Structures are given as C-alpha cells and as structure tokens.
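So the structure is just underneath, and the comments pick up after that.
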Amino acid sequence: MAQSRHPAAPHDLPSFITAPGETDVLMVVMGLILVLAVVMFGLFFLRLHTLPERMAHKSKKIQFEIVAVLGLIALFTHMHIFWIAGLLLATIDLPDFGTSLGRIATSTEKLAGIKPDEDTTGLQSDTAADMMQANAALGDKHAAAEEGEHGVLPIKPSPARARKKEPSHA
C-alpha cells in the first residue's frame with residue numbers, strides 16, 4: 001500500500017523532523033549539551049562555593065578550619081550568610097595571639113621553677129592534700145638555694161643596675 005500524505009501536510013518537511021524508525025540527531029545533540037551544561041554549572045557552583053576555603057588555605061590552621069565549617073554549613077543549610085561570613089573571615093588576617101601567649105606561659109613556668117618539658121598534670125589537682133604535696137615538692141626544689149631574710153630568696157642585681165649604683169669618680 002502506498003503511503004499518501006495528508007492533503008493539509010506540507011510537502012517539504014524541516015530537517016529536524018525525522019522519519020519513523022530513524023535516530024533523532026537533534027535530540028541526541030541537545031541531550032549531550034544539557035548534560036554538559038549541568039556538569040559545568042555544578043563545577044562552577046562548587047568552585048565558587050569553595051572560594052573562601054581556597055583563600056583561607058594560606059592562613060593559619062584554625063582560621064582555615066573555621067572558614068571550612070562555615071562553608072559546609074552554608075552548603076547544607078542554603079543560608080548564604082554563612083558563606084559571606086566565611087569569605088569575610090578568609091580575607092581578614094587574624095593576629096597571632098598563640099605565639100605570645102605561649103611565650104608568656106613558658107616564662108611563667110620558668111619563674112615558678114617548672115621545666116617546660118615536665119608534666120604539670122601532677123601539680124594540678126582538686127584536693128587540698130594533693131595541692132600541699134605539690135607545693136612541698138616545689139619547695140624541695142628550692143631548699144638547696146640560699147635564703148635571704150624571712151625565707152625569701154635574694155634578688156641578684158643585674159649588671160646594668162650594679163653599674164648605676166657605683167659612685168662616680170668625679
């Protein structure tokens with residue numbers, strides 16, 4: 001039986017209309033473009049989302065970790081204020097308090113007569129008896145030192161102070 005066209009159908013069909021049983025090339029091309037566009041948008045989104053983390057990667061560890069946590073919170077809650085806070089934190093250079101506080105702690109340990117490599121957990125206890133034992137242990141360390149008046153260790157003058165007190169020969 002010969003196929004006849006409907007009298008209202010156009011005689012010249014556009015190229016994107018395929019015959020029955022043939023591959024629809026336009027649909028395949030558009031499908032590939034759609035998949036590529038979705039993947040590229042996802043990569044752009046994730047690249048933009050990790051911008052604060054990449055900026056903070058060169059900074060201190062604690063600052064990087066805070067920015068990373070803010071980025072994760074922003075990703076999972078879809079609240080952009082966390083991303084903005086992470087971006088602002090990544091751009092700010094926080095001062096280094098840790099080094100100076102560590103130096104203060106080391107100096108305080110030296111003044112107390114505790115070696116920095118000693119374990120101080122034995123000195124920190126909750127009961128009064130344990131604290132008295134710890135004080136006695138510290139006192140034994142200083143017992144061999146010379147004592148001044150009233151059990152106070154004498155202060156040795158620095159060379160600069162000794163020079164100032166010397167009478168001038170004018």
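The values are calculated or read from the model by the stated rules, or taken from the named source; none is laboratory data. These numbers were taken from a predicted model, which means no experiment stands behind them. Methodologically, a virtual Cβ is constructed for each residue, glycine included, from the backbone with ideal geometry; neighbour enumeration extends over all protein chains shown.
Would you mention how many residues in the range 77-99 are small (Gly, Ala, Ser), modelled with pLDDT of 90 or more and exposed (fewer than 12 other Cβ atoms within 10 Å of the Cβ)?
Of the residues in the range 77-99, 0 are small (Gly, Ala, Ser), modelled with pLDDT of 90 or more and exposed (fewer than 12 other Cβ atoms within 10 Å of the Cβ).
Could you list, in sequence order, the residues of the range 22-67 that are under 36 Å from the mean Cα position of the chain (by Cα) and of a type in the set (Val, Ile, Thr)?
35, 38, 39, 50, 62, 66, 67
Of all residues in the range 17-56, which are farther than 23 Å from residue 83 by Cβ, surrounded by 10 or more Cβ atoms within 10 Å (Cβ to Cβ) and not aliphatic (A, V, I, L, M)?
Within the range 17-56, 18, 24, 31 meet the criteria.
How about the range 57-76: which of its residues are surrounded by 13 or more Cβ atoms within 10 Å (Cβ to Cβ), modelled with pLDDT of 90 or more and farther than 15 Å from residue 88 by Cβ?
Result: 72, single match.
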